[in-house]
Every structure is written in C-alpha cells, then in structure tokens.
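Read through the structure below, which is laid out as structure tokens, and then see the notes.
FYI, it's all coordinate maths here, none of it is from the lab. A quick note: this is a predicted structure, and the numbers were derived from the prediction, not measured. Methodologically, a virtual Cβ is constructed for each residue, glycine included, from the backbone with ideal geometry; neighbour enumeration extends over all protein chains shown.
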Amino acid sequence: MGDKENETTLPGPFPPQGKKPLQKDNQHMSQPTSGNTPTNTPMIVCEGIYKWFDDFCALRNVHLTVARQEVIVILGPSGSGKSTLIRTMNRLEKHDKGRILIDGTELTDDIRKIQEVRREVGMVFQQFNLFPHLTVLDNITLAPRHVRRMPKKDAEAQAIELLTRVQIPQQAHKYPGQLSGGQQQRVAIARALAMEPKVMLFDEPTSALDPEMIKEVLDVITDLAESGMTMIVVSHEMGFARAAANRVVFMDAGEIVEVNTPDRFFSQPQEERAKTFLSQIL
Amino acid sequence: MAAIQPSPSSNDLQPPYTRTTPLSWVLQNLFNNWYNTVFTLFFGVILSYAAYRGLRFFFVTARWEIVETNLTNLMVGQFPRNELERVWAALFLLGGSGGFIAGQAKQLSTQDPTSPPPSPGREQILDFVRRAWPFTILVLFLLRLSRSTTIMLLILALVALTGAGRLIGARIPGASPKRITIFALATACATLLLLLFNGPPSQEWGGLLLTVFLSTVSILASFPLGILLALGRRSSLPAIRFVCVGYIEVIRGVPLITLLLLSTILKLFLPPNSFDPNDITRAAVVLALFTAAYVAEIMRGGFQAIPQGQIEAAQALGLVPIQTIRLIGLPQAIRKVVPALVGQFISLLKDTSLVSIIGLSDILKVSRSFTSQDDFVGKGLTAETLAAACLVYWALCFTMSKESKRLEERLGVGER
Ligand SMILES: Nc1ncnc2c1ncn2[C@@H]1O[C@H](COP(=O)(O)OP(=O)(O)OP(=O)(O)O)[C@@H](O)[C@H]1O
Ligand SMILES: [Mg+2]
C-alpha cells in the first residue's frame, strides 16, 4: 500500500540525471562538514581491517578510503562480509586488526571515542529496527533529546521537518506497527538524520521491502546522496548504484575484490569473481 | 465488452454484519450439536446447584453476626480504637490524591494525539462499573454488616472525595509525568507519616490494614529490586552476575515460610542492639526480597524477548548503555511481561497470609481467631469467617488482575 499522493509529489527525476551535483534546495538536509574541519581529509579510512568470528575470518585485510560527500555502494554475495564491514564503522562489531578512522577519530576500546563516532554516523538497517513502543515522532526525537540534549520543542520541529523530507509528515503520531514497510524505512532514515550525522551507513535498506515500496525508499536515499551526504550503501539495486554511487565496492569472502566506477563495474568488471557474481544477479 | 458494472452502493462496502442476540449466541455456542448440548446441560446443572448453595449460604443460612461483631478486627486487627482516625485520614488522603492522579493521567493521555477520541459519558460510566464492581460488592457487604450510619457516611464522603479529586485532576492544566510522580511520592510519604508517626506499635496492626500495607510496600520494593537483579544477571561483569544468579537461585530454592522464620532469628547473628526491626518491617523486607527473585526472572524473560536489532539501533544512535536500558530495554521488557508480573504480585498478596507464622495478625489470621472468642466458641461458624476473608482477597486480587488486563491493552497501543 504505497501512498500514491506522496509519490506524485516527489521532487526530482528518478533516476536523477546528473550524479551528485550539490543541490541548493537540499542543503539543510546534509551537513557537509562542520566549518572548521579540513575538507580534503577523507571521511572514513579503513586500513587492513580483519575480523574473526571465533576462527571464521569474516573480514580480511580490508582497505577502504571514503572521501567527503562520496557515495559508495557495496556489492557481494551473501556472507561476503558486507554487513560486518559497515558495522565495524560504528563499532557494532569490534574489528580485531587494523585501523578505522571516522572523520579523524580512531575507533578503539575507548568508550568516549566510540560514542563520539556513533553520534556522527547514522545507520539504517534492513529490518528498520524502529522502536515499537514509541510513536514515529518519539522515535525520531529520542536521540536528539537524550544524546544531543536538544529541547523537546526543537527536536519535534526538526522531526516534522525530516518527516516532510521523507514524504510522510502526516504519520508523525502513529506507531511503527501501523505503517507500511516503506514508510517504516523512511522513518528509520529520518531517525538517523535527526542526529545530523556526517556519514550514513545503509545495510540493505530495501531488501525487506515489497517491490512497490522499494522505489519510495530509494528515492529518499538518492535525494540524500545528491545533497552531499557521505554514504556507504550495501545494496543490490543496480539502478540505484548506477544513479547515485561514485564508486562500487565488490566484496567476496571477506575481501574487497574490486573497486570501480558503477558504469565500468557493471559493463566491464575486471575480476573473475565479479563477473560471476554479476552474471548471477543480472 | 460487457456492460459496465454498476458501482457498488455504499451498503455493499459494509462488512456483512449479523446482529447477535443473546438467544442466537446461546444457540450457536452452547447448543450447536448434540455433545455440546450434553456438556451444557451437565455443567449447567452442576453450576446452578453450586450457585444455589452458595447464594443460599450467603443470603439465608449464614450467621454473619460473628463477622458483624468483629468487623473492626477484620479491618484493622488490634489497632487502637482511639487511633482509627489515622486509618480514615490515610484513606481520605489516598482517595483524594488517587483521584487527582487519575485525573491528571487522563489529561495526559488525552493530550497525546495518538489516543483514541474520548468516549461518551455513558461509555465511561459503564467502564467504571466494569472496573469497580468487585470492590463495590465488597464494600456493600461490609456496609450491610456494619449497619453504622457514620461509617456509611464516611464511605460516601470517601467516594465523593475521590470523584472530586478526579474532576479537579482532569481540570487543572499542565499535567506532566513529572508532576504525577512527585504527587504520588508525596502522597505515599504523607500516608506513611499519618499511619506511623508516633503511631501504635507494630504488634497492634492487623487485619486488612496489615495485609494491604505489607503487599503494597513489598510490591513497590520488589519491583525495582527485581529489575536490578535481572540486569545484574545479564551483566558482562562476572562478579555482579555471580552475585545476582546466586541470590536468585538461593531465594527461589527456599520456601517463603522458611525465610520468614529465618528472619525472626536473624537478630541472633547481628551485633546486639545494632538494629532491631519490628516484625512488620521484617516481614515486608522478607516478602520484598523473596518476590524480587521471581520478578528478576520474569524481567529477564522480558529482556531476552527484545530483538538484538533494537539494542543495536539504540547504540547506533549514540545512546549510552544506561539510556538504552531506560528508554528502550525496560519499556519494551515490561510491556512483554505485564501479565506475568501482575500474576506474581497477586501471588505475593496472597502469600502475605503466611506472616501469621511469625506472629503477625493478617486478615486470615484475624478472621480465624473469631471462632475461639467466648461468644462464638463451639458454634461452628468457621464458614462465615472464611467466607468473609475470601471475599476480601477475591475483591483485591480480581481487581488487580482486571487492571493488569487494562494496562496491557493500553501499553500495547499500535503494536503488531
Ligand atoms: N555474530 C556472528 N557470529 C558468527 N558469525 C557471524 C556473525 N555475524 C556474521 N557472521 C558470519 O560472517 C560472515 C559475513 O557476514 P555478513 O553478515 O557480513 O555477510 P553479508 O555480506 O552482509 O551477507 P548478506 O548479504 O547475507 O547480508 C557470514 O559468513 C556470517 O555467517
Ligand atoms: Mg548483510
């Protein structure tokens, strides 16, 4: 049950023609770096990341540098470590070897550093993970109020603004259980954006959705990409990757096998494993 | 192409709805086939006979004078008769501010845009009757026995005060959870002061007063304690985990009676004159400590039922562990275990009858003592005294269970 009245009012064409021009009207949705940080340093640096689950090696020697405002799409077969990789970036998983720097802050065992990074990194999950006991509005205002100590009024005003951004302002007082999957995922995006993150991580944001709801969520993510947000998106949506990604990262068996532009990756992949993978999903 | 179908009239869009009359319900559910008919008749006969005997006892054969003479004993035990104002004052205080809190809570829930629109007045009255009838039966029964106009007037005044508090609470603007909490705490403190400050010694407390006091105090104390134990059992620090698991398993492995008996000789192990709590305090502490172990296990079940994704979402948003527990874990866990929790508290209320083992006179103990009074000894009126105690327990427990159902429904708003 996609809400038709919303889809017709969606701004911008899909897929967007130009890739990531900074659109003026979208500016306040992104916070392209707070003024004093140098804009030429990378936003995310992963150097030689290893991760083991018991003696199973889920990530091996992963190197990845993500520039500010860059959009990365991660592809790869099931179990290749895509989720594990982005979950190490906000310490939902602890990496066992290597260095991860988020906007210059290194992720170590230091709790304060972890909290600092989590405040700056928004995450959207495959299963939405909205808080079922809170209304949509409370879901969105929770972190700004309790982590950023924002006054309730301000947080609610901001939440309504974000809900308008993701095209569902009229759902503010419902509970997550009363929304469609697509609406829930858009609330989850608004909830992450409410913390004004510098980076957004998406773990298969449309995989749990019925086909007719995928577009409404991808539109929101594309819109966000165009506004200059640094993003890493695990997704198998080819159209989205072509339209929004600056680079595609292909993973297999815990390794990064190929990094390429979306056009080149989909038309002439370099690595054998990537070719096999693409032949299977196309 | 076939002719265009006429668009369905608005009537066709209604769900097919057949009115169930009581008679059609009975026919469809009780007499729909031969074996159901046999069952219905069989149990119908048994139940009717039981009801007949019960009602006949209650209204005809029972010699209620034994309860009548001892009504005050049943309510407050040996509480000094010249200090009964304390109890009445506490009741009025609880009624008035209970009403006020209910009114403010109502106001809060109507401010909440997610709440359903207010139901019409008739609905609300019906709703009140559905909630209060067990208690009303109890009060009417007691009033009928007391035959005292003063008490009747006092009860009427109490009801009126509660209603007034409710109305005022609904009208004074600016209700907030914080204000309600402060008000409730202040009321609790004032009530305790009224009853305890310079009051009668603990041995003189008894009857319903003691039962209600013990259950309330130990419910209120065991709940937070149980939550802490449940969290401790899930802690990542082994020392805390061992202590909590050890506590829970030891307490659950010992009968309540044993713990109560142990509490009386506890002072043998403490340094002399260090501190010597009175019997009531001791009983309340034991009941609370006992129930806390069970609450902990119930809450643990609630915490375990929370999907890992909820915790991860909270962490990803930057909530620190204590906020994650307070804002995400606890509310969701409690919602999942309300029925089990209330069941435990009902069980606690009934278990307060065991405190007679350490010499306290709860309502059951008091009512059993009537038959050995000079006037009634050897007259075989045990049934009457037990029936009175039963009625009191039932009114309390049934109300708790109904309120738990209500709470469950209200907390479950919008959940799938
Ligand atoms: N908590 C865990 N304990 C043990 N093994 C795990 C755990 N989480 C992930 N793994 C293993 O690590 C590997 C990588 O998992 P991951 O979830 O990152 O894969 P993925 O690329 O996201 O796959 P999918 O496309 O199915 O989501 C898998 O083989 C998985 O079984
Ligand atoms: Mg995954």
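Each Lys or Arg adds one and each Asp or Glu subtracts one; over the other residues with Cβ under 15 Å from the Cβ of B:S369, this totals -2.
Of interest is the spacing of the C-alpha centroids, which for the stretch A:85-114 and the stretch B:26-68 amounts to 70 Å. So for the stretch B:81-199, Kirkwood radius off the Cα pairs, Stokes-Einstein at 37 °C and 0.692 mPa s: how many µm² s⁻¹? Estimated diffusion coefficient is 204 µm²/s.
Taking amide hydrogens as placed 1.01 Å from N in the peptide plane, the amide H of A:Q69 sits under 5 Å from those of A:T230, each at least 5 positions away in sequence or on another chain.
FRET efficiency for the B:L270 to B:A305 pair, using the beta carbon distance and R₀ = 35 Å, is estimated at 0.30.
Calculate, in nm to one decimal, what A:N61 and A:T108 gain on full extension: separation in residues at 0.36 nm each, minus their alpha carbon distance.
Values: separation 47, 0.36 × 47 = 16.92 nm, distance 1.76 nm.
Contour length minus the Cα-Cα distance gives 15.2 nm.
Modelled spin-label separation between B:F398 and B:V139, with each label point placed 7 Å from Cα along the Cα-to-Cβ direction: 1.6 nm. Cα-based radius of gyration for the stretch B:202-416, normalised by 2.2 N^0.38 Å, reads 1.22.
Legend: translational diffusion of the stretch A:202-259 by Stokes-Einstein, Rh = Kirkwood radius over C-alpha pairs, 4 °C, 1.567 mPa s; D = 106 µm²/s.
Here the gap between B:S235 and B:T181, fully extended at 0.36 nm per residue and compared with their Cα-Cα distance, gives a gain of 16.6 nm. If you plug the beta carbon distance of B:L126 and B:D375 into 1/(1 + (r/R0)^6) with R0 = 41 Å, you get a FRET efficiency near 0.40. A simple spin-label model places pseudo-atoms 7 Å from Cα toward Cβ; at B:N29 and B:C390 they are separated by 2.6 nm.
At q = 0.13 Å⁻¹ the log10 of I(q)/I(0) for the stretch B:300-392 amounts to -0.63, computed by Debye summation with a single uniform scatterer per C-alpha, solvent ignored.
Spin-label model, B:R252/A:Q170: points 7 Å from Cα along the beta carbon direction are separated by 5.0 nm. Quick one: which of B:K365/B:K402; A:K174/B:K178; A:K94/A:K174 span more than 30 angstrom between C-alpha atoms? Going by Cα-Cα distance, A:K94/A:K174 fall outside the 30 Å limit. A Förster radius of 22 Å combined with the Cβ-Cβ distance from B:A164 to B:E408 puts the calculated FRET efficiency at roughly 0.15. Put simply, the C-alpha atoms of the stretch A:99-215 give a gyration tensor, and the ellipsoid matching it has half-axes of 25, 18, 11 Å, longest first.
What are the semi-axes of the equivalent ellipsoid for chain B, taken as the square roots of 5 times the Cα gyration tensor eigenvalues, largest first, in whole Å?
On the way: eigenvalues 322, 241, 124 Å².
Semi-axes from the Cα gyration tensor: 40, 35, 25 Å.
Please give me the summed charge of the neighbours of B:E297: other residues whose Cβ is under 11 Å from its Cβ, Lys and Arg +1, Asp and Glu -1. Once all neighbours under 11 Å are counted, the net charge is +2. Computed across chain A, the Kirkwood radius stands at 19.3 Å (inverse of mean 1/r, all Cα pairs).
With one equal scatterer per alpha carbon and no solvent term, the Debye-computed log10 I(q)/I(0) for the stretch B:183-309 at 0.14, 0.16, 0.17, 0.22 1/Å reads -0.77, -0.95, -1.02, -1.29.
The antiparallel fraction among DSSP beta bridges confined to the protein assembly as shown stands at about 50%. Using 20 Å as the cut-off for backbone N distance, which residues of the stretch B:184-215 belong to the label zone defined by a point 7 Å from the Cα of B:E85 along Cα→Cβ? Only B:190-201, B:205 pass the distance filter.
Calculated on the alpha-carbon coordinates, the convex hull of the protein assembly as shown measures out at 273 cubic angstrom per residue. Couplings for the stretch B:41-54, taken from phi via the Karplus curve 6.51 cos²θ - 1.76 cosθ + 1.60 with θ = phi - 60°, read 5, 4, 5, x, 5, 4, 5, 4, 5, 4, 5, 4, 5, x Hz in order; Gly and Pro are left as x. The sum of -39500 (n - 2.57) across all DSSP H runs of n ≥ 4, divided by the residue count of chain A, sets its helix-only mean residue ellipticity at 222 nm to -10500 deg cm²/dmol. In the calculated pair-distance distribution of the stretch B:323-374, the portion above 18 angstrom amounts to 57 percent of the Cα-Cα pairs. Evaluating 6.51 cos²θ - 1.76 cosθ + 1.60 at θ = phi - 60° for every residue in the stretch A:53-64, the Karplus couplings come out as 9, 6, 10, 8, 8, 8, 9, 10, 6, 8, 10, 7 Hz, glycine and proline recorded as x.
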